[in-house]
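Each remark here refers to the structure printed beneath this line.
Values in this text are rule-based calculations from the coordinates and carry no lab data. Source: prediction; values computed, not measured. Here Cβ is always computed from backbone atoms with ideal geometry, including for glycine, and neighbour counts include all displayed protein chains.
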Amino acid sequence: MADGAALPQTLGAADATQVAQGRLKSFIERIERLEEDKAAVAGDLKEVYGEAKGEGFDTKILRKVVRLRKQDAAQRQEEEALLDLYLSAIGGL
């Protein structure tokens, strides 16, 4: 089995097949529930960005701020330094 658990040796081939089918069905159902949750969250995010846009905020900038806040300070500084390096290498903007 994929999770590494050994089947007892007393199980026959038919029993082993039923166990595998049950596990497969369980994985599929869990994935389907998570996909539904993901769709709900995506809808909620779209709604919040829509509200922000309705109040005059630039959603592109909001998304960038959210992305930057996820990064730690060192990673953000490294990215900014590389950006500055690349821009200076091509003569700036």
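For GluC sites (Glu not before Pro), the sites in the stretch 13-85 that DSSP calls loop and that have at most 15 other Cβ atoms within 10 Å are Glu55.
Subtracting the Cα-Cα distance of Val65 and Ala39 from 0.36 nm times their residue separation leaves 7.1 nm of extension gain. Considering the stretch 12-57 at the alpha-carbon level, its Rg and Dmax are found to be 19.9, 66 Å.
Sorted into 10 angstrom bins from 0, the C-alpha pair distances of the chain split as 12, 20, 18, 18, 15, 12, 4, 0 percent.
Rounded to the nearest 500, the helix-only mean residue ellipticity at 222 nm of the chain stands at -27000 deg cm²/dmol, with each DSSP H run of n ≥ 4 adding -39,500 (n - 2.57).
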